[in-house]
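Below: one structure, written as structure tokens.
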Amino acid sequence: MTQNMNFLRNLFLYKCLFALTFWNHVTMSVEDELFTSVSNNSPEDGSNQKIKSLPLLYTKSYPPEANSDWVVIQNTTESLSLSEITDKNVKKLVALLSNFRQGSRLQNLTLTNVSVAWNALMDIFQTVWHSSIEYFNISSVTQLLDIKSYDFDYSGTSMKALTMKKIHITDLYFVQDDLYRIFADMNIADMTIADSEMIHMLCPSSKSPFRYLNFLKNDLTDLLFQNCDNLHQLETLILQKNKFESLRKVSFMTSRMKSLKYLDMSNNLLRHNGAAVQCLWAESLSELDLSSNQLADAVFECLPVNVKKLSLQNNQISNVPRGMVELKSLEELNLASNRLADLPGCSGFTSLQFLNIEMNLILTPSADFFQSCPRVRELQAGHNPFKCSCELQAFVGLERQSGGRLFGWPAAYVCEYPEGLRGTELKDFHLSQLACNTTLLLVTALLLTLVLVAAVAFLCIYLDVPWYVRMTWQWTQTKRRAWHDPPGDQGPVLQFHAFISYSERDSLWVKNELIPNLEKGEGCVQLCQHERNFIPGKSIVENIINCIEKSYKSIFVLSPNFVQSEWCHYELYFAHHKLFSENSNSLILILLEPIPPYLIPARYHKLKALMAKRTYLEWPKERSKRALFWANLRAAISINLP
């Protein structure tokens, strides 16, 4: 009876290990009691066996009677997760894992928060190695005591993949081989050691079955796997977030990995200075991630020739040199977050299908991109500081021609410059054909210029502008000379009551009527007449200006003869200039004979304006009205001269 009870207890223990809280995955603390307590009451007391620690998902009793003598647990669980592993319970853990021999259902084991000595940690690995477990995950591990050599037995394992994260080694002084050799020689397909501050890894001592290696977020350097000939089956190598510096050394590291297809070197410190330095990559390498490094334009001198998918995102590339490299197999290229100023051509990438050039410094991308890259099915060029100008119009039209090959259109394509258009989507940006066609714009501007010049020339001729310019110049010169004359030469300010301007053909009326009636009558009016008062030796223009300046009024005798006289025009111009410059009422117009408007030349527009705005005296034909005429004229020029 005792033997039967022992057999039932062992069977019950084995089955309880599979009875977990959930069908697929259960986490429990090893600090809890790992072994099921079974009451050892004798059959005579009629009590059933009881399970005190592990909860049961599904139980059946055979036979199903209530007073059965044993319990058989039926369970399909394949995963087990344990935490809080310490030196106090590690032996119980090893004993527990020893029950899962090859052929058991348990395939996935996860251990977290492990804090044990080196030998105890290796005992866990060794036990797992010879169990039914195929996928072993261990994280947040702290190694407590000295690392020593351990004779690890790799034979007869079911293991396929090992994942280790956040491994903390407290021993600072140990033989490197004692630590790294254990993991380098593991005969499994996949291994991950991540976020563990690992500074090195040895080359396997024999041909390794590794197909997948992931050393994410460690402190590995360019020394890794140099001259290593035992990784011929390796297909995927992830070295993201480490401390690699030389792209050339990375290429030599891969050169002996005959099956390598995918390499992730992102988030390192990689540089390549070119200088005709040869790089040697694995010929099988088809996917390479070099994003978030310090690579510049020279990187295109050191790339695997058979690569199909290449990421150079977030580097310092400002130009894709033409003719430097030919990547005829390249299908996908990521150049986002660099310093490129234009879209690269496809002269070296004849098979390119996908291009990402977002977040660069592209102001006006080339509109002929799809012509030079006919195989490209998708272009990601958004989030660049586009300058909305005529040059960009062609690129906007490119979207319509591309048939939807611009990824992210239209939301990712927004004007950055000029300031007034910032935030405007490119699809809403339009300029007229005239504004963007340089030839058409030049022809239009030339025609407008010619029309303007012709109009100005016509107005100048019609209004006699050159004559006015010449008169203005003479006026200015005369005034300048007057300012520089000695004070004694300048004479009194006002010497005459009036200056008389008339046509020579009207001189008889001036001499027989105007002068006698004003000078010989009452008031002693002093008139300035060119025949009497022009100073010999001075120019006519200078004499006219001086007489007008020294006269209180200027009398203009208007007639058809007056408008035909060039000198009368001069005198009217200078008198009119004085009228406006001194803001005085110095002009007196006498209409000797009616002047038909058609007889007044265009250049006499000032005369037309004066006759339209100012009151003028008209010489009466009736003798009875002439006394009033002379009285009004005398009143107009009445002033006491100095």
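The values are calculated or read from the model by the stated rules, or taken from the named source; none is laboratory data. What you are looking at is a predicted structure, and each value in this text was computed from that prediction instead of being measured. Cβ placement follows ideal geometry from the backbone for every residue including glycine, while neighbour counts extend to all protein chains displayed. Surface accessibility is based on the protein's heavy atoms, side chains included, excluding ligands, DNA and RNA. Shrake-Rupley method; radii C 1.70, N 1.55, O 1.52, S 1.80 Å.
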Along principal axes, largest first, the alpha-carbon spread of the range 67-196 in whole Å comes out as 62, 32, 26
A 1.4 Å probe over the protein heavy atoms gives the range 67-196 a carbon and sulfur accessible-area percentage of 48
HN-Hα couplings for the range 193-201 via Karplus (6.51, -1.76, 1.60; θ = phi - 60°), in whole Hz with x for Gly/Pro, come out as 10, 10, 6, 10, 6, 6, 9, 7, 8
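What is the projected area of the convex hull of the Cα atoms of the range 496-636, averaged over all directions, in nm²?
Seen from a random direction, the Cα hull of the range 496-636 projects 8.5 nm² on average.
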Carbon/sulfur accessible area of the range 496-636, % of total, 1.4 Å probe, equals 53
With the dipole of the range 496-636 defined by +1 on each Lys or Arg Cβ and -1 on each Asp or Glu Cβ, the option from Y552, I515, L610 whose Cα lies farthest towards the positive pole is L610
Taking placed amide H atoms and a strict 5 Å upper bound, the residues 5 or more places from K165 or on another chain that come that close are I138, S139, S140, A194
So S104 and S624, fully extended at 0.36 nm per residue minus their Cα-Cα distance, gain in nm 172.2 nm
At R0 = 25 Å the Cβ-Cβ FRET efficiency linking S351 and S284, nearest 0.05, sits at 0.90
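Send over a whole-number figure in Å² for the accessible area per residue of the range 496-636, probe 1.4 Å.
Computed with neighbouring chains in place, this is 49 Å² per residue.
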If R0 = 60 Å, then L447 and V493, at their Cβ-Cβ distance, give a FRET efficiency to the nearest 0.05 of 0.65
The pairs in K166/K241; K520/K625; K550/K625 lying past 23 Å Cα-Cα in this model are K550/K625
re the range 286-409: pairs of Cα atoms spaced beyond 21 Å account for a percent value of 33
Of every hundred units of 1.4 Å-probe accessible area on the range 234-280, the number belonging to carbon and sulfur atoms, as a percent, is 44
So F152 and R614, fully extended at 0.36 nm per residue minus their Cα-Cα distance, gain in nm 153.9 nm
Ranked output for segments 221-229, 344-352, 150-158 by mean other Cβ atoms within 10 Å, highest leading, reads 344-352, 221-229, 150-158
Full extension between V175 and K207 adds, at 0.36 nm per residue less the Cα distance, a length in nm of 9.2 nm
